[in-house]
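Participant: First the structure, then my questions, so here it is.
The values are calculated or read from the model by the stated rules, or taken from the named source; none is laboratory data. Not measured: the values here are computed from a predicted model. Quick reminder, even Gly has a Cβ in these numbers, built from the backbone with ideal geometry, and neighbours come from all protein chains shown. Surface accessibility is based on the protein's heavy atoms, side chains included, excluding ligands, DNA and RNA. Shrake-Rupley method; radii C 1.70, N 1.55, O 1.52, S 1.80 Å.
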Amino acid sequence: MPLLKVKGLKAYYRQTEALHGIDFELDEGSITTILGANGAGKTTTLRAISRMVRTEGSIKFQGEEITGLASEKIARLGIAHVPEGRGTFVRQSVEENLELGAYTRKSKSDVADDVERVYAYFPRLKERLKQQAGTLSGGEQQMLAIGRALMLRPKLMLLDEPSFGLAPLITQEIYEIMARIRKDEGASMLLVEQNANIALNLADHAYLLETGNVVMSGEASILRDDETVRRTYLGY
């Protein structure tokens, strides 16, 4: 049974239909990437799962229907959303941002342990734990956004453009840490990326979106090595 199964998913911004009945699924412990040009519907797909836009269709998580649940209830099920633009609380410190990521949890000692766990992945954040998040570099803010999501102890992480606006070396560092998180935590990831090459190197499976429709899917390694796919859909 897939961890996440989406069937006939439509999404709307007011009266405009942005997703036109897409189907996809994600297995537990795997990384699936959604690729496509700007405006293809990638970000909307993550927002639909997190109930940030109006939707129709079926979204099942761990075999249970979650369509229609409020965003907070979806988070409590173990789905952590790292939005485009990072979504950090810019006036709060690094440490406060991480603690806010654990808002659904009750045990203070467990939360404290998990703050240290995040620092183990992102030592740079520990060096800046009292610093206002808004004064961090772009790469550090992205690390903080991922770290805050980890504080939820998620079963599924929704990651929207984690490389956006970052230098190649910082992007590589963050993707290497994401691979470690997948290996150490067993966390599944649904990854939206403009940088198709790096996403396909990390992911197990890929779906290509075009104007709100799935036009192709398959093993990430196969799509990565298919020259026609690269030229037609991925632009590299």
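Participant: Could you tell me the center-to-center distance, by alpha carbons, between region 128-151 and region 72-88 in angstrom?
Facilitator: First find each Cα centre; the distance between them is then 15 Å.
Participant: Right, something else. I'd like the distance separating the alpha-carbon centroids of region 198-236 and region 51-70, in whole Å.
Facilitator: Going from one Cα centre to the other spans 25 Å.
Participant: Over region 86-236, average the accessible area per residue using a 1.4 Å probe and give it in Å², no decimals.
Facilitator: 48
Participant: Sorted by mean Cβ packing within 10 Å, highest first, what order do the peptides 200-209, 17-26 take?
Facilitator: 200-209, 17-26
Participant: Sum up the charges of everything whose Cβ sits under 12 Å from the Cβ of residue 71, counting Lys and Arg as +1 and Asp and Glu as -1, but leave residue 71 out.
Facilitator: +3
Participant: Under a Cβ-Cβ cut-off of 12 Å, what is the net charge of the residues other than residue 112 that fall near it, where Lys and Arg count +1 and Asp and Glu count -1?
Facilitator: -3
Participant: Next up: Note down the relative contact order for region 84-176 as a percent, whole number, built from C-alpha pairs under 8 angstrom at least six residues apart.
Facilitator: Working: 97 pairs, mean separation 38.2, N = 93.
Relative contact order of region 84-176: 41 percent.
Participant: Quick check on region 118-236: of the DSSP beta bridges with both residues there, what percent are antiparallel, nearest 5%?
Facilitator: Counting only bridges with both partners in region 118-236, antiparallel ones make up about 55 percent.
Participant: Using helices alone, I'd like the mean residue ellipticity at 222 nm for the chain: each DSSP H run of four-plus residues gives -39500 (n - 2.57), total over residue count, nearest 500.
Facilitator: -10000 deg cm²/dmol
Participant: With a 1.4 Å probe and every protein chain kept in, tell me what percent of the accessible surface of region 12-162 is carbon plus sulfur.
Facilitator: Details: 3180 of 6960 Å².
Here carbon and sulfur together make up 46 percent of the probe-accessible area.
Participant: Please name whichever of 68, 104, 92 sits farthest to the positive end of the charge dipole of region 57-117, dipole taken about the Cα centre and charges placed at Cβ: Lys and Arg +1, Asp and Glu -1.
Facilitator: 68
Participant: Leaving ligands, DNA and RNA out of it, rank 232, 88 by accessible area with a 1.4 Å probe, largest first.
Facilitator: 232, 88
Participant: At 0.36 nm per residue, and after removing the present C-alpha to C-alpha distance, how many nm does the segment from residue 65 to residue 77 gain when stretched out fully?
Facilitator: Separation in residues times 0.36 nm, less the Cα-Cα distance, equals 3.2 nm.
Participant: A follow-up question, please. Please report, for the Cα atoms of region 43-159, the Rg to one decimal and the Dmax as a whole number; what are they, in angstrom?
Facilitator: Gyration radius and largest Cα-Cα distance of region 43-159: 14.7, 45 Å.
Participant: May I pose another question? Can you tell me which lysines have their Cα less than 28 Å from the Cα of residue 5? Leave out same-chain residues fewer than eight positions away.
Facilitator: Leaving aside lysines fewer than 8 places away in the same chain, those within reach of residue 5 are 42, 60, 73, 155, 183.
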